[in-house]
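So the structure is just underneath, and the comments pick up after that.
The values are calculated or read from the model by the stated rules, or taken from the named source; none is laboratory data. Every value quoted in this text rests on a predicted model; they were computed, and no experiment measured them. Virtual Cβ from ideal backbone geometry, glycine too; neighbours counted across all protein chains shown. Accessible surface is based on the protein model in full, side chains and every heavy atom, while ligands, DNA and RNA are left aside. Shrake-Rupley method; radii C 1.70, N 1.55, O 1.52, S 1.80 Å.
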Amino acid sequence: MSAIAETVSRGQTRRRMRVDGWRWAGRIFLVFMLLYTALPMIWMLITSIKSGFAATQFPPQWWPDEPTLASYRKLLDPQNSVGQDFLRFFWNSLFVSTVTTILSVIVAVPAAYAFSRFSFPGRNFLFFAVLLRNMFPAVIFLVPLFILMRAIGLVNTHGSLILTYLTFGLPLAIWLLKGFYDNIPVQLEQAARIDGATRFQAFILIVMPLSTPGIIATAIYSFIGAWNEYIYAYTFLSKNEQLTLPVGIQRFFSENTTDFPGLMAASFMMSVPVVVLFLVLQRYFVRALTEGAVKH
Amino acid sequence: MTIVTGKAEARRKLQPGRSGALRDIWEHRADYAYVLPAIAVMLIVIAYPIYYTIELSFYKTPPGLQLRDKTFIGFDNYTAILTSEVFWKVTWNTLIWTFGSTFISFVLGFATALALHRDFIGRGVLRAILIIPWVISAVAASYIWKWIYHSDFGIIGAVLVGLGLADRPPNFIDNVSTVLPSLIVVNIWREFPFAMIMMMAGLQTVPEQLLLAAKVDGANAWQRFWHVTFPHLRNVSVVTILLLAVANFNSFIIPWIMTGGGPSNASHIWITHIYELAFGRQRWGVASAYSVLLFIILMTLGYFYVRALSGNERKEGGA
């Protein structure tokens, strides 16, 4: 090694300089991306602690002269009508997202397991049919689903949202979970079967515990998807007391268009639950998301 | 991979010929029980809407949702669409939107993944911050950027004026020539993190030894990237680009909330246009015909997507 090092040392110093050049370019690029990513969010936070008057100054106050939490207090105060609406929207979003998540996992777990383990006729066709759903935009399903929901009496109920959210949640849930099951050695189940467990017992006792990270990731994905969903909620719900946050915020602020601090505070509070959930569990999530795509 | 990979493999080998297809299905009846709930949900809320959309696309429909009064008009909705000027305008916008967003998101995401690949202090925190725009709702993102672009109080306008680059704050999203690029900037903001996550995962699969060997052979950083790293990321790149392209093609929230397709259709893409035709002007038949066309385009994209995915599986099986 040392002989090689000596003979190429001159070339190597030059090369190291070039590598450093790339590294510096990388750092500068990362700083740029950090600014691009973070500045809008920082500006949202700064605006949210301004008064309505301070927000409409030109040139803008980079930092408010009198920072105030008035917008947050207003939104979280169950005593006034603004707070009542906001808290109700928040609760609606939480309810719809949670129920969707639970149902997604219950339906997706057996399906993904079957797609991973069994080989029944039509398996590939069904799997890709499930995947293809996510190629289609919500908009083309809106009219027929609206009519369907009206026919079965679900219009203006949270049930209509939960049922439709399942349709885009399920394909991804099945895909994510299948990736996880594919990575659990079949031998573990076979060993359990030899020890006398039924297939179902082997599934519950061996496979389920091992796939917990996958199930967590799937649950996060369903939850975030449902929490952020807009088009169906915008179309299916018309009563103020049922709206979820994305639609509620819009309805609400189209009425007083100049309240930008309030709008930014609401946007911030709407983002907090999903961002916290994501950051705490991102390891599972990222692994599940990329599992299928990176294999060679 | 010489060990038996499980029941599935064993069964596949035992599968009888075509003559036993029905018996085969019957023998696997227990397996279907696992996928039945999922299939049932999908059938109700997908197969039925698709059928209904195709049907409606051949009818002239009255406004309002009294759709029983529709009259059959054959392909008239389709010819009406293809001969309208708006169609070509919106199609052009959709192409710019889809390709612009996909290409730049992918390049930025990939570059960020490369820059984050080497470990350094604070890497985890930085990565987490960079992912956040992807997690927060597109509705919130739209309002945040609407405020940033605001023609009176927007921060970008203020900075441009402060630096002496503009006399007064420019009108980013009320201007026909700047609206689409401005929306694309917002879209990229939300979506480059996805490309970043995918490419970071892909980078972890590039064998270190190969890079080292290339280095010993005198390849410089760029050559190592181009000849070793990049070919290894072909699969994940294809999947990422296709997923981004489909997502962008299907975007709704950002253009809808920020501009509603305006000014004068300058930011209308297919999806927002279909939505406006259906729920704004209640032209259900025309909107359905649009949806069917969309469907055909997406099926084509879907075909490539599935091929990219099953290409993965084939290689996996052969390894």
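Solvent-accessible surface of protein heavy atoms, probed at 1.4 angstrom with all chains present, puts B:Lys146, A:Lys239 in the order A:Lys239, B:Lys146, largest first.
Phi angles of segment B:216-233 translate, via the Karplus equation with coefficients 6.51, -1.76, 1.60 and θ = phi - 60°, into HN-Hα couplings of 4, 6, x, 6, 7, 4, 5, 4, 4, 5, 6, 9, 10, 5, 4, x, 5, 9 Hz per residue; Gly and Pro are given as x. Taking only protein heavy atoms and a 1.4 Å probe, the accessible area of chain B is 65% carbon and sulfur. Summing charges over all other residues whose Cβ lies under 14 Å from the Cβ of A:Glu241, with Lys and Arg as +1 and Asp and Glu as -1, gives +2. Here the simple spin-label model places points 7 Å from the Cα toward Cβ, and for B:Trp88 and A:Tyr36 these points are separated by 3.4 nm.
Dipole size of segment A:20-89 about its Cα centre, with +1 on Lys/Arg Cβ and -1 on Asp/Glu Cβ: approximately 160 debye, rounded to the nearest 20. Evaluated with a Cβ-only charge set (Lys, Arg +1; Asp, Glu -1), segment B:168-281 carries a dipole of roughly 60 debye about its Cα centre, given to the nearest 20.
Greater than 29 Å separation of Cα atoms is the criterion. Which listed pairs, A:Lys74/B:Lys146; B:Lys60/B:Lys146; A:Lys239/B:Lys146; A:Lys74/A:Lys239; A:Lys50/B:Lys146, meet it? As for pairs spanning more than 29 Å Cα to Cα, those are B:Lys60/B:Lys146.
Inter-label distance, B:Phe72 to B:Asp174: 5.1 nm, where each label sits 7 Å from its Cα along the C-beta direction.
Along segment A:241-251 the Karplus relation, 6.51 cos²θ - 1.76 cosθ + 1.60 evaluated at θ = phi - 60°, assigns HN-Hα couplings of 6, 9, 4, 8, 4, x, 7, x, 4, 5, 3 Hz to successive residues, with x for each Gly and Pro. Per residue of peptide A:183-192, the mean number of Cβ atoms on other chains within 10 Å of the residue Cβ is 2.
Computed over the alpha carbons of the protein assembly as shown, Rg followed by Dmax gives 26.4, 89 Å.
Compute and list, largest first, the equivalent-ellipsoid semi-axes of segment B:71-153 from the alpha carbon gyration tensor, each √(5λ) rounded to a whole angstrom. Largest first, segment B:71-153 gives 41, 19, 13 Å.
Multiplying the residue separation of B:Arg23 and B:Val107 by 0.36 nm and removing their Cα-Cα distance gives an extension gain of 25.2 nm.
About its Cα centre, the dipole of segment B:35-182 is roughly 340 debye, where the only charges are +1 on Lys and Arg Cβ and -1 on Asp and Glu Cβ. Helices in chain B, meaning DSSP H runs of at least 4 residues, each add -39500 (n - 2.57). Divided by all residues, the mean residue ellipticity at 222 nm is -21000 deg cm²/dmol.
Remark: accessible area buried at the A-B interface is about 9500 Å², both chains counted, probe radius 1.4 Å. D by Stokes-Einstein for chain B, Kirkwood Rh over Cα pairs, 37 °C, 0.692 mPa s: 138 µm²/s. How big is Rg to Rh over segment B:156-207, alpha-carbon atoms, Rh as the Kirkwood inverse-mean-distance radius? Across segment B:156-207, the Cα-based Rg/Rh ratio is 1.28. Take each residue of peptide A:42-48, count the partner chain Cβ atoms within 10 Å of its Cβ, and average: the result is 3.
How shielded is A:25-34 by partner chains, expressed as the average number of their Cβ atoms within 10 Å of its Cβ atoms? Taking the mean over all residues of the peptide, I get 5. Modelled spin labels at A:Ile204 and A:Glu241, positioned 7 Å past Cα toward Cβ, are 4.1 nm from each other.
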